[in-house]
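Some notes on the structure that comes next.
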């Protein structure tokens, strides 16, 4: 259906045209982008065999459940923004003010969706396990909380590689993925060796929480340098989002304890309502973020209120 629709909207017929230099540029770009993806899938999956080898099948099941509750949804949620980001950045790479504005908008949007989800999951991890699988995955709650720290950084990291690729710098993305692919597996193994006797599979989750912020620091440095933005300016533009989520999380924790006697399903619903209602009000009041603004941001509209004001969008 995609192929048919593409031909209908943008008809194309092959011709005998050969531009070797242009083809080489595309090939080099593709190799760098593919290399980044291969390294990404390596360091995000090699922790499984390490956990299984050191701690056994049961621990691996708990760890994998924690990972799929936290980091897999983060990836899925971020794909929505990531798909928009590369196209938007490619179109705006010669218009630096609008490029920066678009980057900040998509960073805020992804940070909002991911941190809201993570805050809720951390609070209701026990009830979520009970509602879905009974007591089958009891004991994974600590790993869920630790990996949620990683999820916050992953939310921001999904926007920077499309920025670099869209600006024509896939080699810089490859540098970040190489750093992560070397650093994180080494920390998985080291944590299992040194902390495994005391923490079990949680040691590998802690390795994620220690190592990924370091890898993200490399990515942030590369990405912000590409658009001539200081880290302090970036944090000032996006920092209001996690503050709003943290405030709603406090409300959720209080309600979580008050409603502790409710059945698991009802408990999840009550905590969700207690968190996301005030969060929506906080975002609308302090950040100018409403459902309509989010919809415009997903469509790639730089004028959406999820971005800073035009006066604040200039890089410094």
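The values are calculated or read from the model by the stated rules, or taken from the named source; none is laboratory data. Since we're looking at a predicted model, the values are computed, not measured. Using ideal geometry, Cβ is built from the backbone for each residue, glycine included, and neighbour counts are taken over all protein chains shown.
Annotations for the structure displayed:
- Residue match in segment 216-236 (condition: within 21 Å of the chain's Cα centre (by Cα) and more than 29 Å from residue 95 (Cα to Cα)): no
- Scanning segment 24-59 for residues that are under 29 Å from residue 132 (Cα atoms) and crowded, with 20+ Cβ neighbours inside 10 Å yields 43, 47, 50, 51, 54, 55, 59.
- Where helices (runs of 4 or more DSSP H) fall wholly inside segment 205-316, the ranges with 1 or more residues that are crowded, with 18+ Cβ neighbours inside 10 Å and modelled with pLDDT under 80 are 264-282, 291-298.
Table: residues versus (1) in a helix (DSSP H, G or I); (2) in contact with a helix residue (DSSP H, G or I) (Cβ under 6 Å, 6 or more places away or on another chain); (3) closer than 20 Å to residue 59 by Cα.
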residue	(1), (2), (3)
97	yes, no, no
104	yes, yes, no
136	no, no, yes
148	yes, yes, yes
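- Residue in segment 60-72 that is under 20 Å from the mean Cα position of the chain (by Cα), loosely packed, with under 15 Cβ neighbours inside 10 Å and in a helix (DSSP H, G or I) present: yes
- When we screen 132, 146 for residues that are surrounded by fewer than 24 Cβ atoms within 10 Å (Cβ to Cβ), out of contact with any strand residue (DSSP E or B) (no Cβ under 8 Å at 6 or more places or on another chain), at pLDDT 90 or above and within 27 Å of residue 250 (Cβ to Cβ), the only hit is 146.
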